[in-house]
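The values are calculated or read from the model by the stated rules, or taken from the named source; none is laboratory data. Treat the numbers as computed from the prediction; the structure is a model and nothing was measured. Neighbour counts run over all protein chains shown; Cβ positions are idealised from the backbone, glycine included. Side chains are part of the model used for accessible areas, which takes the heavy atoms of the whole protein and leaves out ligands, DNA and RNA. Shrake-Rupley method; radii C 1.70, N 1.55, O 1.52, S 1.80 Å.
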Amino acid sequence: MPPDTLFERITDYTTRADPYPLYAELRENGVSRQSDGSYLVGTYHEIAALLHDPRISSDLRNRTDPDELLARSDDMPPAFIGVDDPEHDRLRRIAMRPFGPPHSPGRIDALQGDITRIAEELIHEFRGRDRIDIVDDFAYPLPVTVICGLLGVPQEDVPRIRVWTNAIIAGFDFRHGEHPEQRRQSAVEAREAMAHYLGDLAEERRGHPTGDMLSALANDEGPEGRLTQPELMATAVLLLIAGHETTVNLITNGMLTLLRHPDILAKLRAEPELMPRAVEELLRYEPPVQFLPQRSPLTDIEVAGVTIPKGASLILVLASGNRDPLRFDDPDRFDPMREDNQHFGFGSGIHNCFGAPLARVEAQIALNALLRNLDDPRLVEDPPPYRRSPVLRGPRHLVIQHAAGT
């Protein structure tokens with residue numbers, strides 16, 4: 001049966017390559033109530049207000065009817081992305097101590113040399129080939145190598161990480177007319193397996209610090225105290241998955257966009273110092289996270305004249321807000337020189353993306369390295385095949401042809 005509601009059409013795989021006309025329809029409708037009782041919000045100013053509203057919960061336990069695809073059925077506690085303050089603040093503060101300022105201010109800057117080296121090594125591997133898959137040959141191995149090194153996960157275990165991650169992400173596939181139980185159970189089992197694996201690595205380093213983030217989470221006794229073992233496991237899973245999945249999409253969507261705008265590609269190749277601004281525009285124009293499905297009001301609220309009841313499913317369509325003409329001039333135009341670019345590429349509010357500084361650096365280095373080393377790159381297939389997930393939207397493969405170097 002063809003998709004019926006607006007959300008079903010947005011999440012239907014046939015629209016994955018270009019959901020933006022549906023987002024325009026969503027903005028015209030204002031707040032859109034779906035037949036299942038969920039509410040979609042796609043306008044910039046309303047999304048911004050809701051992301052900063054303490055009456056909006058990220059905890060599924062506050063939902064009146066938790067979505068079967070998103071509900072947890074394992075014994076693991078939710079990571080800080082899925083709880084509210086003050087618990088969210090405590091968990092995030094502990095996780096932030098070994099990652100960034102004020103306690104570890106040089107962590108990301110110190111990684112720039114390693115990221116550049118990894119990018120160059122990956123590019124060296126496909127020199128001499130006239131066809132490459134940007135995803136499998138570059139955009140996936142770069143961030144997964146970086147985050148595994150940061151956490152202290154052995155590189156030989158990366159294949160296991162990919163299998164687990166794919167199963168977990170599949171749990172967010174909103175395919176309609178299909179029973180989700182098998183995907184959900186596979187996601188739960190993969191999350192548990194990854195959590196125990198990371199927990200065991202951290203436990204091995206308890207009392208024997210090794211300088212990585214798992215070691216720090218196991219040993220650091222900050223003012224907020226230490227994570228319990230289940231909290232550590234849940235946090236480590238979040239950091240590992242979020243630390244590479246969204247960046248894969250950012251790099252791949254970025255390269256696809258540049259290949260579709262050869263004049264801008266040429267300008268960035270000639271002026272690589274412009275790449276930071278280009279990455280910000282990519283985060284607005286083709287964000288790796290399209291919407292946040294895990295929100296609900298703690299009380300009845302009014303949004304754009306519509307009353308959304310306590311506990312209802314509230315879906316914030318960030319990618320729609322990023323193309324709102326009431327906020328951005330000519331929003332469907334890719335403009336790396338855009339001013340006042342306060343996008344939702346990393347969300348906003350208390351749940352603003354934890355790893356945003358790392359993702360920005362990785363994307364800037366990765367895209368500059370590709371532009372510097374690929375000679376006359378061209379898409380083999382446009383649109384390319386996309387991943388199943390409508391939440392983490394990006395090409396599954398991005399095959400390009402170029403004049404192979406030596």
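Could you tell me how many of the residues in the stretch 279-307 are under 15 Å from Y20 (Cα atoms) and among the β-branched types (V, I, T)? Working first, answer last.
Here is the first cut: in the stretch 279-307, the residues under 15 Å from Y20 (Cα atoms) are 282-291.
From what is left, the residues that are among the β-branched types (V, I, T) are 289.
Matching residues across the stretch 279-307 total 1.
Count, please, the residues in the stretch 201-210 that happen to be touching a residue at least 24 places away in the same chain (Cβ under 8 Å) and either open to solvent by 20 Å² or more (accessible area, probe 1.4 Å) or touching a Pro at 6+ places or on another chain (Cβ under 9 Å) (or both). Walk me through it before giving the result.
Residues of the stretch 201-210 touching a residue at least 24 places away in the same chain (Cβ under 8 Å): 201-203, 205, 210.
Right, trim to either open to solvent by 20 Å² or more (accessible area, probe 1.4 Å) or touching a Pro at 6+ places or on another chain (Cβ under 9 Å) (or both) and you get 201, 203, 205, 210.
Within the stretch 201-210, residues that are touching a residue at least 24 places away in the same chain (Cβ under 8 Å) and either open to solvent by 20 Å² or more (accessible area, probe 1.4 Å) or touching a Pro at 6+ places or on another chain (Cβ under 9 Å) (or both) number 4.
Please determine, by comparing only the residues of the stretch 229-260 that are in contact (Cβ under 8 Å) with a residue 60 or more places away in the chain, within 23 Å of E192 (Cα to Cα) and more than 16 Å from the chain's Cα centre (by Cα), which one is most open to solvent (accessible area, probe 1.4 Å).
Among those that are in contact (Cβ under 8 Å) with a residue 60 or more places away in the chain, within 23 Å of E192 (Cα to Cα) and more than 16 Å from the chain's Cα centre (by Cα), it is P230.
On the given criteria, is S215 outside any strand (DSSP E or B), in contact with a Lys or Arg (Cβ under 7 Å, 6 or more places away or on another chain) and of a type in the set (S, T, Y)? Talk me through it step by step, then tell me what you get.
Working: outside any strand (DSSP E or B): yes; in contact with a Lys or Arg (Cβ under 7 Å, 6 or more places away or on another chain): yes; of a type in the set (S, T, Y): yes.
It is true that S215 is outside any strand (DSSP E or B), in contact with a Lys or Arg (Cβ under 7 Å, 6 or more places away or on another chain) and of a type in the set (S, T, Y).
Checking I350 against (1) open to solvent by 20 Å² or more (accessible area, probe 1.4 Å); (2) touching a strand residue (DSSP E or B) at 6+ places or on another chain (Cβ under 7 Å); (3) at pLDDT below 95, only one condition comes out false. Which one?
That leaves (2) as the condition not met.
Determine which member of the set L26, L50, L6 is open to solvent by less than 20 Å² (accessible area, probe 1.4 Å), of a type in the set (A, V, I, L, M, F, W, C) and under 21 Å from the mean Cα position of the chain (by Cα).
On the way: L26 fails: under 21 Å from the mean Cα position of the chain (by Cα); L6 fails: under 21 Å from the mean Cα position of the chain (by Cα).
Among L26, L50, L6, only L50 is open to solvent by less than 20 Å² (accessible area, probe 1.4 Å), of a type in the set (A, V, I, L, M, F, W, C) and under 21 Å from the mean Cα position of the chain (by Cα).
Within the stretch 353-374, does at least one residue satisfy the condition of being assigned to a loop (DSSP other than H, G, I, E, B), surrounded by fewer than 16 Cβ atoms within 10 Å (Cβ to Cβ) and either in contact (Cβ under 8 Å) with a residue 12 or more places away in the chain or not acidic (D, E) (or both)? Before you say what the answer is, go through the steps one by one.
From the stretch 353-374, those assigned to a loop (DSSP other than H, G, I, E, B) are 353-355, 374; that's our starting set.
Next, from what is left, pick out any that are surrounded by fewer than 16 Cβ atoms within 10 Å (Cβ to Cβ): none.
No, that holds for no residue.
Mind counting the residues in the stretch 115-130 that are open to solvent by 30 Å² or more (accessible area, probe 1.4 Å) and at pLDDT 95 or above?
First, pick out the residues of the stretch 115-130 that are open to solvent by 30 Å² or more (accessible area, probe 1.4 Å): 116-117, 120-122, 124-125, 127-130.
From what's left, at pLDDT 95 or above: 116-117, 120-122.
Result for the stretch 115-130: 5.
For the stretch 54-75, which residues satisfy the criterion of being modelled with pLDDT of 80 or more, open to solvent by less than 80 Å² (accessible area, probe 1.4 Å) and in a loop (DSSP other than H, G, I, E, B)?
Step one: of the stretch 54-75, the residues modelled with pLDDT of 80 or more are 54-64.
Okay, now just the ones that are also open to solvent by less than 80 Å² (accessible area, probe 1.4 Å), so 56-60, 62-63.
Listed by number, the residues that qualify are S58, D59, R63.
Looking at (1) more than 30 Å from D382 (Cβ to Cβ); (2) surrounded by fewer than 21 Cβ atoms within 10 Å (Cβ to Cβ); (3) without any contact (Cβ under 8 Å) to a residue 40 or more places away in the chain, which is the one condition that is false for A218?
(2)
Taking V279 as meeting all but one of (1) under 30 Å from I123 (Cα atoms); (2) without any contact (Cβ under 8 Å) to a residue 24 or more places away in the chain; (3) of a type in the set (V, I, T), write down the number of the exception.
That leaves (2) as the condition not met.
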